[in-house]
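Data first, discussion second: the structure below is written as C-alpha cells.
The values are calculated or read from the model by the stated rules, or taken from the named source; none is laboratory data. The shown structure was predicted, so the numbers you read here are calculated from the model rather than taken from an experiment. Cβ atoms come from the backbone with ideal geometry, glycine included; neighbour counts cover every protein chain shown.
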Amino acid sequence: MNAVLSVRELKKYFISRSGPFWKPKIRTVKAVDGVSFDLGENETLGLVGESGCGKSTTGSLLVRLLDPTSGSILYRGTELAGMPENELAPIRKKMQMIFQDPYASLDPMMTLGAVVAEPWDIHGLYGTKERRVEAEKLLALVGLEGDYAKRYPHELSGGQRQRVAIARSLALDPEILIADEPTSALDVSVKAQIINLLRDIRDRRGLSMIFVSHDLGVVRHVSDRIVVMYLGRVMEEGLSKDIFARPRHPYTRALLDAIPLPDPSRIRERKRIRGEASLKDALADACPFLPRCPNKGAGCDSQRPPLAELGPGHRCACLYPDTKEAF
Amino acid sequence: MTRLLEAEDLRVSFRHKEGDALAVRGVDLHVDEGESLGIVGESGSGKSVTSLALMGLLQSPPAEIRADVLTYDRIDLARASKRVLQDLRGKGMAMVFQEPMTSLDPVFTVGNQLAEPLMLHLGMSKRQANTRSAELLARVEIPDPAGVLGSYPHQLSGGMRQRVMIAMAISCKPKLLIADEPTTALDVTIQAQVLELIKDLQKENGMALVMITHDMGVIAETTDRVAVMYGGLIMETAGVRDLFANPLHPYTKALLASIPRPDADPAKRLYAIPGASPNPVNPPSGCPFHPRCELSDARCASDLPGKTITGGNRMARCWRLS
Amino acid sequence: MLGYILKRVVSLLVTFIVVSLIIFSLMRVIPGGPFDEDKMPLSPAAKAKIMAQYGLDKPPAIQYLRYMASALRFDFGIPYQSPGETVVQLLGRAWPPSLILGGLGMLIGTPLGMLLGIMAALRRNRPIDYFASGLSTLGMTVPVYVISLMLMLVFGVWLKWLPTSGWGTPVNWILPVTAYAVTPLAIFARYTRSAVLDTLNKPFVTVLYAKGLPFRLILFKHILRNAAIPMITVFFPVLIGITTGSIFVEQMFRVPGLGSYFVTSIQKRDYPLEMALILLLTLMVGVAYIITDLAYYFLNPRTRVKGTE
C-alpha cells in the first residue's frame, strides 16, 4: 500500500508559563504524545477518542495549522514538519480541512459563491468569470443547485452550511481531506446526509480522508481503518470491521460498550469503567489508561505499552488485551 | 398507577418582531408515578420548550403559554400562585439541564449551591444541609465529597458538574425529574455512567423521569414510553419496545433508518431524510413533516393529521394510518 | 497575598519615576519658561539672578535629580505663581475642597446611578428603562459646564433657592456637588444596567429558578454578586477619571480647589506645582488600580483558585 501520508512519533506539547519571571511555573500539556500511523491511497482513516485525547490537535498538525513539537509528517515522502511557510503553499492545495462548527467556519460577510471561490483567490487560480462558474459547479456538487451562490451563510441551515464547507474544501482539488468532527454539530436526520455526501465525493474523486470524530456510529460508516486515541497516545489501530467486531484494547472495548444502542430488546454484556480521563494520568512510563483499566496487571505501571501487532494490520498498545467479541 | 403530570393541548409561542414563533403547537402528554417518559426530537421540535413550560421557567413575555389541562400532583399549574409554583420547583419537580459548564453560579461554592434548596424547601439549618449535601455527593459517586463541597464550579470537570446538578435536583426527593439532554455535552464513557446513575436514582426514590434527548440510543436505554416530537407536535407515542420494533409514523421510521449505528453494516447506504427541520416562525402547513416525507400527498400538505389511537397505548398523527 | 500587594506597590513606585521623567522632559521641551520677558523685560543680570535663585541655570539632569532628592523628603519646592507658600502648603489648602466636591459627588451619584441601572435592567424596555438610558446618555454627552450653567440658571437665578458660587457654607456645596454627581450617575447607570442584563441572561439563572428560589434571593444573592465583577473592573478607574472633570465645576462655581491649578500650572510653566499635581494624580490612579485588583481578587473565585478549564 502506498502511504499518501505517513506520521511518525508526532508530538505536540503546549507549554504555559505563569507566575513571576524569576520563578516561573511551567505547565506542559502533552496534547499529542507520540502518534504514528499511515494513510493509504483512497483510504479513510477514522481518528477516534473522547475529548482531550488529542485527535483534533492531530488533525490540525497534519495541515500545519499547528506546528509539531517533534515528530515527522511525510506527504508522499516530503517532510512537512518544520517546512517553512512559503514552501507549504503548494502542498496545502493537496490537503484540505473541514471543520466542526458550520456556524463558525463560514465568514458571515461573504456570499456562498465568494466563500467557495476564496481558495482560488488565495492561490491565484482562475479568472473572475471562471471562478463564478466553477463556484456554482461546486455548490451544485454538494447538492446546492440554483442561485445559492448569491446567498449568505445565515440564510442556511447547519447541514447546508456544512455542505458549503465541503464544497470549499474541494475547490483546490485536494488529494486528502481532513474532516474534524464534521457531523457533530448537526441534527440526527442531517448527519446521514453529510455522511452520504462525503462518501460519494470521496469515492468519485478517489480521495483519501482522515475523519476525526468521537461518534463511533458515524465513524463506522465512513472509515476503512481506525486509530483509537487516549490522552495523546494511540491505543489501538486496525481495520474498522476488526475493531468494531473484536476490540482488543480495554479502552476501545469500554468506548464501544458505553454507546447506548437504539435497540431496547438487545441485551449485551457491557463493561463499565469508572472515573474520568485526566491528563495527570498520562505519565511518561506507564499506560495512560491504567487508573481506569479493568485489565490492569503487572508491568502496566512501569512502561508505556508498545503497539503490538495482534493480527494482520491490527495493533494494540496493551499488555493484557481483551479477546471477546463486541457487537 | 397514579397520574402525576397531565398536559392537554399545551401550546407555547414566542412573540418576535418578525412574527410569532410557534414552538409547541398542541401537545398532550402524561406521566405516571415512577414511570419514565422519553421525549425525542431534533432541534426545533419543541421538546426543550415543553419541559421549560412544564416547570414554569419561561418568561411570560415573550412566551405565551396556553393549555386545556396542565396539572402536576393535582395542582393546576396554569392557575397556581407564584408561591405555590416556587414551592413546587426543586421540591415536587426538579430539572437537570444540558450544559453543565454554565449551569452553576461561578461565584459560590458547590456546597453553598447544594444547600440552597435543602434550606429553602426542607427548612434545614446550614449544618444539616451541609451534611446532607455531602451524602448526596457521595451518592452521585463524586470522589472526596467534603472537598468538592468547598470547591468552586470551575474547579470541576463537566462530568462532575453534571453529577452535582443531579445531586441538587434530587436533593429534596422530588416525585418528578425532568432531564433535558443531560448527557449530550459529555463524553460517551461519562455519559454511560451518568445515565446509569439517573436510572438507579429513579428506582431508589420511586421518581418519575422525563428524559428529553435527540439520541435514540439513550431513549432505548432509559425510558418506558416514548413521545416523538417534530415541528412542535407529538407525531407518535408508544411503549419503548413497540416503538423500536414496529414504528408507525413515517418520521419515526425515517429517523430510525438514518441513525449511524456502530453495529450497522457500513456497506449499506444510510437513509438520509432530505431537507431540514422546520422553522418555528414559519411552520409548514398541514403536517409539519410533509415536506420531507416520502409518503406525503395533498391532504398532508393542507390538513394537520388528527390522532390515530391504536391498541396498547399507541398514538400516531398521520393520514396514512387512519 | 502580602507579596502581591508589595509587588504592586513597587511597580507603582517605578511608575512614579517614569512619569516624573516624562513630565519633567515634556515641560522643559515646550517653548517658553516661567519667567518670560514679553510682559516684564528684565536685564540680563536680573534674569540670571532669578534663574540662579530657582536653580534653573543648572543643566536639566541636575535639576531633575535635585528635584527628586527633595521630593523624597516631601519637599516639593515653591510654586512659581504663589511664592508665599510651599507646594505642599498650597496642596494642603486646595485639596480639601476638591476632595469634598469629588467625594460627595461620587457618594451621591454612584449609588443612585447603580440603583437606576439595576431597575432599568429588571424592567427592560419599560418606561424606567428608557428614562434611565436617556438620563445616562444626556449625562455622558452634555458637557459638565453646560450642566453647571443650567443648574445655576434654574436654581440660582430663576428660583433663587441656592447660591451660585463660593464655598463658604454647606449650602454653597449643593449645586456644585449636583453638577459633579451627574457624570458618575450617568456612567454607572449604563454600566450597571448592562452588567445586570448580562448576568440575567446567563444559563445558571434559569437553574436558580428551577430550584424554586424566590426572585428576591436570586437577585440579591446571585445576580448582584455576579454583576459586581464586570462592574468592579471599571469602578475605580472611572472614579479617578471623573476627578479631571472637577476642573470645570470648580471654575463655574468658583470652588477653591485643585482643578484650576492643573491648567494654570502648565500655562505658567510652574514646574514645581505642576509636577506635584501630576504625581498626585498618578498616585490616585495607581492606588485605584491596586484596589480594583484586590477587589476583583476577592470577588471572583476564578482568580483565587485555579480551575480545570
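Among B:Val107, B:Val84, which is the only one that is at the interface with another protein chain (Cβ under 7 Å from one of its Cβ atoms), β-branched (Val, Ile, Thr) and either within 19 Å of B:Ala7 (Cα to Cα) or buried (at least 17 other Cβ atoms within 10 Å of the Cβ) (or both)? Talk me through it step by step, then tell me what you get.
On the way: B:Val84 fails: at the interface with another protein chain (Cβ under 7 Å from one of its Cβ atoms).
Being at the interface with another protein chain (Cβ under 7 Å from one of its Cβ atoms), β-branched (Val, Ile, Thr) and either within 19 Å of B:Ala7 (Cα to Cα) or buried (at least 17 other Cβ atoms within 10 Å of the Cβ) (or both) holds for just one of B:Val107, B:Val84, which is B:Val107.
Check A:Ala31, A:Ala89 and return the single one that is free of Cβ contacts under 8 Å to residues at least 40 places away in the same chain and either of a type in the set (A, V, I, L, M) or assigned to a loop (DSSP other than H, G, I, E, B) (or both).
A:Ala89
Could you list, in sequence order, all residues of region B:245-266 that are closer than 26 Å to A:Ile243 by Cβ and either crowded, with 19+ Cβ neighbours inside 10 Å or not hydrophobic (A, V, I, L, M, F, W, C) (or both)?
Within region B:245-266, B:Ser258, B:Ile259, B:Pro260, B:Arg261, B:Pro262, B:Asp263, B:Asp265, B:Pro266 meet the criteria.
For region A:181-212, give me the residue count where each residue is small (Gly, Ala, Ser) and farther than 25 Å from B:Lys47 by Cβ. Explain how you work it out, then say what you get.
Taking region A:181-212 and keeping what is small (Gly, Ala, Ser), we get A:184-185, A:189, A:192, A:206, A:208.
From what is left, the residues that are farther than 25 Å from B:Lys47 by Cβ are A:206, A:208.
Summing the residues that are small (Gly, Ala, Ser) and farther than 25 Å from B:Lys47 by Cβ in region A:181-212 gives 2.
What residue, of B:Gly38, B:Gly44, is more than 14 Å from chain C (Cβ to nearest Cβ), surrounded by 22 or more Cβ atoms within 10 Å (Cβ to Cβ), closer than 26 Å to A:Leu186 by Cα and at pLDDT below 90?
Details: B:Gly38 fails: at pLDDT below 90.
So the residue among B:Gly38, B:Gly44 that is more than 14 Å from chain C (Cβ to nearest Cβ), surrounded by 22 or more Cβ atoms within 10 Å (Cβ to Cβ), closer than 26 Å to A:Leu186 by Cα and at pLDDT below 90 is B:Gly44.
Go through region C:193-218 and give me each residue that's closer than 18 Å to C:Gly117 by Cβ and at the interface with another protein chain (Cβ under 8 Å from one of its Cβ atoms).
Listed by number, the list holds a single entry, C:Lys202.
For region A:228-249, name all the residues that are of a type in the set (Asp, Glu) and either without any contact (Cβ under 8 Å) to a residue 24 or more places away in the chain or in contact with a helix residue (DSSP H, G or I) (Cβ under 9 Å, 6 or more places away or on another chain) (or both).
Looking only at region A:228-249, we keep the residues that are of a type in the set (Asp, Glu), and these are A:236-237, A:242.
Correct list: A:Glu236, A:Glu237.
May I ask you to list the residues in region B:150-171 that are surrounded by fewer than 20 Cβ atoms within 10 Å (Cβ to Cβ) and of a type outside the set (Gly, Ala, Ser)?
B:His154
Evaluate the following for B:Leu85: is it out of contact with any helix residue (DSSP H, G or I) (no Cβ under 8 Å at 6 or more places or on another chain), among the hydrophobic types (A, V, I, L, M, F, W, C) and not in a loop (DSSP other than H, G, I, E, B)?
Taking the combined requirement at face value, the residue satisfies it.
Hey, can you tell me all the residues within region B:38-57 that are in a loop (DSSP other than H, G, I, E, B) and within 22 Å of B:Asp224 (Cα to Cα)?
B:Gly41, B:Glu42, B:Ser45, B:Gly46
Among the residues of region B:88-102, what is the count of those that are within 15 Å of B:Ala167 (Cα to Cα) and either among the hydrophobic types (A, V, I, L, M, F, W, C) or at pLDDT 95 or above (or both)?
Adding up the residues that qualify gives 5.
State the number of residues belonging to region A:271-300 that are at the interface with chain B (Cβ under 8 Å from one of its Cβ atoms) and either over 21 Å from the mean Cα position of the chain (by Cα) or charged (D, E, K, R) (or both).
4
Grab the helices (runs of 4 or more DSSP H) fully contained in region A:183-269, keeping just those with 1 or more residues being surrounded by 24 or more Cβ atoms within 10 Å (Cβ to Cβ), at the interface with chain B (Cβ under 8 Å from one of its Cβ atoms) and modelled with pLDDT under 95.
Helices (runs of 4 or more DSSP H) meeting the threshold: A:188-205, A:216-222, A:250-258.
Could you say whether any residue in region A:189-206 is more than 30 Å from A:Gly40 (Cβ to Cβ) and touching a residue at least 24 places away in the same chain (Cβ under 8 Å)?
Initially, region A:189-206 is screened for residues more than 30 Å from A:Gly40 (Cβ to Cβ), giving A:189.
Narrowing the set further to residues that are touching a residue at least 24 places away in the same chain (Cβ under 8 Å) leaves none.
No, that holds for no residue.
Could you check region C:10-22 and list, in sequence order, the residues that are among the aliphatic types (A, V, I, L, M) and surrounded by 12 or more Cβ atoms within 10 Å (Cβ to Cβ)? Steps first, please.
Going through region C:10-22, the residues among the aliphatic types (A, V, I, L, M) turn out to be C:10, C:12-14, C:17-19, C:21-22.
The answer is C:Leu12, C:Val19, C:Leu21.
Return the residues of region C:100-128 that are of a type outside the set (Val, Ile, Thr), more than 15 Å from C:Ala227 (Cβ to Cβ) and either surrounded by 17 or more Cβ atoms within 10 Å (Cβ to Cβ) or modelled with pLDDT of 90 or more (or both); say none if nothing qualifies.
Narrowing region C:100-128 to residues of a type outside the set (Val, Ile, Thr): C:101-107, C:109, C:111-117, C:119-127.
Still in the running and more than 15 Å from C:Ala227 (Cβ to Cβ): C:101-107, C:109, C:112, C:123, C:125-127.
If the condition is that a residue be of a type outside the set (Val, Ile, Thr), more than 15 Å from C:Ala227 (Cβ to Cβ) and either surrounded by 17 or more Cβ atoms within 10 Å (Cβ to Cβ) or modelled with pLDDT of 90 or more (or both), then C:Leu101, C:Gly102, C:Leu104, C:Gly105, C:Met106, C:Gly109, C:Leu112 are the ones that fit.
Consider C:Leu65 carefully, then state whether it is at pLDDT below 75 and either assigned to a helix (DSSP H, G or I) or over 26 Å from the mean Cα position of the chain (by Cα) (or both). Even if it seems obvious, please write down each step before you answer.
On the way: at pLDDT below 75: no; either assigned to a helix (DSSP H, G or I) or over 26 Å from the mean Cα position of the chain (by Cα) (or both): yes.
Considered against the rule, which asks whether it is at pLDDT below 75 and either assigned to a helix (DSSP H, G or I) or over 26 Å from the mean Cα position of the chain (by Cα) (or both), C:Leu65 comes out as no.
Yes or no, residue by residue, for (1) crowded, with 20+ Cβ neighbours inside 10 Å; (2) of a type in the set (A, V, I, L, M); (3) within 14 Å of chain C (Cβ to nearest Cβ):
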{"residue": "B:Glu64", "(1), (2), (3)": "no, no, no"}
{"residue": "B:Ala67", "(1), (2), (3)": "yes, yes, no"}
{"residue": "B:Asn112", "(1), (2), (3)": "no, no, yes"}
{"residue": "B:Leu118", "(1), (2), (3)": "yes, yes, yes"}
{"residue": "B:Arg139", "(1), (2), (3)": "no, no, no"}
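Could you tell me which of the residues C:Phe131, C:Phe204 is crowded, with 19+ Cβ neighbours inside 10 Å and free of Cβ contacts under 8 Å to residues at least 40 places away in the same chain? Steps first, please.
Numbers: C:Phe131 fails: crowded, with 19+ Cβ neighbours inside 10 Å.
Sole residue among the options that is crowded, with 19+ Cβ neighbours inside 10 Å and free of Cβ contacts under 8 Å to residues at least 40 places away in the same chain: C:Phe204.
Being in contact (Cβ under 8 Å) with a residue 24 or more places away in the chain, under 21 Å from C:Thr183 (Cβ atoms) and not in a helix (DSSP H, G or I) narrows it down to one of C:Trp95, C:Trp167, C:Trp173, so name that one.
The conditions single out C:Trp167.
More than 11 Å from every other protein chain (Cβ to nearest Cβ), of a type in the set (Ser, Thr, Tyr) and within 16 Å of the chain's Cα centre (by Cα): is that true of B:Thr237 in this structure?
yes
Run C:Ile187 past the list (1) more than 27 Å from C:Arg28 (Cβ to Cβ); (2) in contact (Cβ under 8 Å) with a residue 40 or more places away in the chain; (3) not in a helix (DSSP H, G or I) and report the number of the one that doesn't hold.
(3)
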